[in-house]
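**Q** Before I ask anything, here is the structure I am working with.
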Amino acid sequence: MSLTYHVYDTDEMTPAEIYGQVLTKMGEERKEIVALTADLAKSTKIGKFGDKFPERFFNVGIAEQNLFGIGSGLALAGFTPFISTFAVFASLRAAEQVRTDICYQNVNCKIIATHSGTSFGQAGTTHHCTEDLAIMRSFANMTVIAPADGYETANAVVECIDYPGPVYIRIGRGFERTVYDNPEYGYEIGKAITMRDGGDITIIACGPCVLHAVEAAQTLKDNQGIEARVINMHTIKPLDKEAVLKAVNDTRRIVTAENHNILGGLGSAVAEVITEGGKSCRLKRLGLPDTFSSVGHPDDLLSYYKTDADSIVEAVSEMLGQEVEEDEDWEDEV
Amino acid sequence: MALSEEILSALNEKAWKNRRMAIKTMVWAGGGHAGGALSQVEILVLLYYHYMNVDPQNPDWEDRDRLVLSKGHGGVGYAPILADKGYFDEEQLKIFNHTHSPFGMHLDRLKVPGVDASTGSLGHGLSIAVGLALGARLKKKDWRTYCIMGDGECNEGSIWEAAMAASHYKLSNLTAFVDRNRMCIDGEVEKIMALEPFIDKWKSFGWNTLEVDGHDFNQLDDAIQNAFQNTDKPTVIIANTIKGKGVDYMENVAPWHYGGLDAENEEKALNSIDRAYGKA
């Protein structure tokens, strides 16, 4: 289905607000949509849907296991539940309900997990979530999306309703700057977007790191004449393997950036594809180095964990100084 | 009102058959959750042969009543009922638990026709049932949702999250049963983690509560009738049962939560069941 986006002013609306509005708009046409949350209607903005369709909105209180169980039941009854809570509760507190009641039964639940990564900066590790990509990626049947900004969140929400089975959409707290200035850039679940082409190195990013990757590439070009390809890997699963293999072929050097533990998330997914592809390629994974997160302003934390534009520039420069083993048969085999 | 002699006799016949088939399926399966499969029999039989509006030829029929066997380990006793209802050929029970069989100890709704929710991990079913009951109300459908829990399962906190939600939403179209056989894997529920005062807990969570002999069809039937009369609360029926009911050497013996049966034990079990129904 298509929606009109220009009514939304992304300068003034957070990704969560945009998705709340988009979901509400979709709810008018799609009567099968129901929305659920666990005392986070305001924080996740899913309450917007509830304001418009109170009879199709369920706030189950602070009980996330029940939240996802009820969501499963509503899906089994023929509805398409959109379930929103903080990423840490969706992927950890209710992990088994998400796995067993939703993924195992392959029901049509769409999970919008907010405050992911370290986006809830000052709240600290109990409210950060740097494990969800790893967890959700390992659940069979689950599609995992980490949109770059509000427009992309809206696109993902619109696309996921007719995308079969469970979908996990991971967004931040909502104060992230936007990458896109309109939604018409050909968003498709499972299809990576090349933000800028380049043959020297590839930066693959997701979520808030996409903007930083784009900025880093510009800096690299301006200051050093380096042509860095930037890929917005908004879908972590199914991963766009072709885009990764093409980057390996064209640039032989890849830096990944994500607001997540470097174990199990985007970097790991990319590493798996590179390794199974069998071609030599340098890889540096930027993200939290298998540590619990610190407290601080989200922007400071992105920089502290080396996932902001400056850190990406640094990682790229370092990698360009490193050799990549040549593969004689490369051209024949691609 | 008491069930007629004719109905009672038909239900007893089904219960007898279900107990025998549960034992036989456990043998084909190489073992099974004997205790819980035998304690739940009257609840399942009454629901499937007297109450539930289902169409085995059309398992996904939208208007059907739903059942969530939250105590998913009862699968080895539940599957024979689904077979007897005609969802699939009884012969298929012979591959229960076999490699790549559609039937494992805990039934999978995507593989076994007639199963409304895949269960097995305890504490999940009541939330799913709440979602189904809410769904019926939203769709303005009058199908009912039934949920059967184990009593040990009620040690799970998620059961009480769901219990809170069911009464909050006034889900009178949801009828829950607790198969109160008083045993879990490691022994007696009350010794391991006490539930008493159990019925008071449900009452204080806002449920219409009833306590019956879970092997007495008339008492169970009265309780279900009572549930149907209630228009603003979900109903829980605490069904006092005996784990392993019908097989003398299994009754109230904790290790028979799960066990394997050799030929001798199988014969002893079937004979015991036959004697209990005056068939020996």
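The values are calculated or read from the model by the stated rules, or taken from the named source; none is laboratory data. Computed from a predicted structure; not experimentally measured. In this analysis, Cβ positions are derived from the backbone assuming ideal geometry, glycine residues included, and neighbour counts consider all displayed protein chains. The accessibility values were calculated without ligands, DNA or RNA, using every heavy atom of the protein model including side chains. Shrake-Rupley method; radii C 1.70, N 1.55, O 1.52, S 1.80 Å.
**Q** Rounded to whole Hz and in sequence order, give me ³J(HN,Hα) for the stretch B:227-234 from the Karplus expression 6.51 cos²θ - 1.76 cosθ + 1.60, θ = phi - 60°, writing x for Gly and Pro.
**A** 4, 5, 6, 7, 10, 9, 9, x
**Q** Report the calculated FRET efficiency for B:SER9 and B:GLU190 (r = Cβ-Cβ distance, R0 = 35 Å), to the nearest 0.05. Walk me through the numbers before you get to the answer.
**A** Working: r = 35 Å, r/R0 = 1.01.
Efficiency for this residue pair is about 0.50.
**Q** Under a no-solvent Debye model with one identical scatterer per Cα of the stretch A:193-319, what's log10 I(q)/I(0) at q = 0.18 Å⁻¹?
**A** Results for the stretch A:193-319 at q = 0.18 Å⁻¹ read -0.87.
**Q** So which lysines can A:LYS110 reach, going by Cα to Cα under 22 Å and dropping same-chain residues fewer than 8 places off?
**A** Within reach: A:LYS25, A:LYS31, A:LYS42, A:LYS45, A:LYS48, A:LYS52, A:LYS191, A:LYS237, B:LYS139.
**Q** So between A:GLN122 and A:ASN59, what do we pick up on full extension, going 0.36 nm a residue minus the alpha carbon distance? Please report the intermediate quantities before stating the final value.
**A** Details: separation 63, 0.36 × 63 = 22.68 nm, distance 2.58 nm.
Length gained between A:GLN122 and A:ASN59: 20.1 nm.
**Q** As I understand it, the dipole of the protein assembly as shown uses +1 on the Cβ of Lys and Arg and -1 on the Cβ of Asp and Glu, about the Cα centre. Which of B:ASN181, A:GLN224, A:CYS281 lies farthest toward its positive end?
**A** Comparing the listed Cα positions along the dipole, B:ASN181 ranks first.
**Q** Take B:ALA254, project a point 7 Å from its Cα along the Cβ direction, then tell me which residues of the stretch B:113-156 have their backbone nitrogen under 18 Å from it.
**A** B:151-156
**Q** If Rh is defined by the Kirkwood formula over all Cα pairs and Rg also comes from Cα, what ratio Rg/Rh do you get for the stretch B:28-153? Working shown, then result.
**A** Values: Rg = 13.9 Å, Rh = 14.7 Å.
Taking Rh as the inverse mean 1/r over Cα pairs, Rg/Rh reads 0.95.
**Q** Once amide H atoms are built 1.01 Å from N in the peptide plane, which residues 5 or more positions from A:PHE58, or in another chain, come under 5 Å H to H?
**A** Those qualifying (amide H under 5 Å, at least 5 residues apart or on another chain) are A:ALA35, A:LEU36, A:THR37.
**Q** Can you tell me which lysines have their Cα less than 22 Å from the Cα of B:LYS191? Leave out same-chain residues fewer than eight positions away.
**A** B:LYS71, B:LYS201, B:LYS243, B:LYS245
**Q** A follow-up question, please. For a bin width of 5 Å, list the pair-distance distribution of the stretch B:83-157 built from all Cα-Cα distances, rounded to whole %.
**A** The calculated distribution, bin by bin, is 3, 14, 18, 20, 17, 16, 9, 3, 0.
**Q** Another one. How would you rank B:118-127, A:211-220, highest first, on the average number of other Cβ atoms within 10 Å across their residues? Don't skip to the answer; put the middle values down first.
**A** On the way: B:118-127: 26.4, A:211-220: 22.9.
Sorting B:118-127, A:211-220 by mean packing, highest first, produces B:118-127, A:211-220.
**Q** Please report, to one decimal in angstroms, the Kirkwood hydrodynamic radius of the protein assembly as shown built from all distinct Cα-Cα pairs. Intermediate results must be reported in sequence, preceding the final value.
**A** On the way: mean 1/r = 0.0381 Å⁻¹.
The answer is 26.2 Å.
**Q** Something else now. Shielding by partners for A:76-89, please: the mean number of other protein chain Cβ atoms within 10 Å of each residue's Cβ.
**A** Values: counts 11, 16, 7, 5, 0, 2, 0, 0, 0, 0, 0, 0, 0, 0.
Mean number of neighbouring Cβ atoms from other chains: 3.
**Q** Further question on the same structure: Give, rounded to the nearest 20 debye, the magnitude of the charge dipole that the stretch A:193-319 has about its Cα centre when Lys and Arg contribute +1 at Cβ and Asp and Glu contribute -1 at Cβ. Show your work: numbers first, answer last.
**A** Numbers: 13 positive and 18 negative charges, 90 e Å.
It comes to approximately 440 debye.
**Q** Let me ask another. In Å, what Kirkwood hydrodynamic radius results for the stretch A:1-157 from the alpha-carbon pair distances? Intermediate values should be presented prior to the final figure.
**A** On the way: mean 1/r = 0.0642 Å⁻¹.
Hydrodynamic radius (Kirkwood, Cα only) of the stretch A:1-157 equals 15.6 Å.
**Q** For chain B, state the average projected area of the convex hull of the C-alpha atoms over all orientations, rounded to one decimal in nm².
**A** Details: hull surface 54.8 nm².
So the Cα hull casts an average projection of 13.7 nm².
**Q** Quick one: which residues, 5+ away or cross-chain, put their amide H under 5 Å from the amide H of A:PHE86? H built at 1.01 Å from N.
**A** A:THR114
**Q** Another question, then. Sort the following peptides by mean Cβ neighbour count (other Cβ atoms within 10 Å, averaged over residues), highest first: B:175-185, B:4-14. Each step should come with its number before you reach the end.
**A** Working: B:175-185: 25.4, B:4-14: 13.7.
Taking the mean over residues of other Cβ atoms within 10 Å, the ranking is B:175-185, B:4-14.
**Q** Additional query: Shielding by partners for A:92-101, please: the mean number of other protein chain Cβ atoms within 10 Å of each residue's Cβ. Can you show the working numbers first?
**A** On the way: counts 0, 0, 1, 0, 4, 6, 0, 1, 7, 9.
Other-chain Cβ atoms within 10 Å of each residue's Cβ, averaged: 3.
**Q** For B:ALA176, which sequence-distant residues (separation of 5 or more, or a different chain) have an amide H within less than 5 Å of its own amide H, given hydrogens modelled in the peptide plane?
**A** When sequence neighbours closer than 5 places are left aside, the close amide H contacts are B:CYS147, B:THR235, B:VAL236, B:ILE237.
**Q** Along the charge dipole of the stretch A:3-170, pointing to its positive end and built from +1/-1 on Cβ of Lys, Arg, Asp and Glu, which listed residue (A:GLN97, A:VAL158, A:SER84) has its Cα farthest out?
**A** A:GLN97
**Q** Using heavy-atom solvent-accessible surface (probe 1.4 Å) with all chains present, what is the largest-first order of A:GLU131, A:GLU242, A:GLU188? Each step should come with its number before you reach the end.
**A** On the way: A:GLU131 55, A:GLU242 140, A:GLU188 100 Å².
From most accessible down to least: A:GLU242, A:GLU188, A:GLU131.
**Q** Shape verdict for chain A, please, from the Cα gyration tensor: rounded (a/c under 1.5), prolate (a/b greater than b/c) or oblate. Please report the intermediate quantities before stating the final value.
**A** Values: a/c = 1.81, a/b = 1.71, b/c = 1.06.
It comes out prolate by the Cα gyration axes.
**Q** Now, a different point. Among DSSP beta bridges lying fully in chain B, give the percent that are antiparallel, nearest 5. Present the calculation step by step, with values, prior to reporting the outcome.
**A** Details: 3 of 25 bridges.
In chain B, DSSP labels about 10 percent of beta bridges as antiparallel.
**Q** Now a separate question. Could you order peptides A:29-40, A:163-174 by the average number of other Cβ atoms within 10 Å of their residues, highest first? Before the final figure, lay out each step's value.
**A** Values: A:29-40: 20.5, A:163-174: 24.4.
Result, highest mean Cβ count within 10 Å first: A:163-174, A:29-40.
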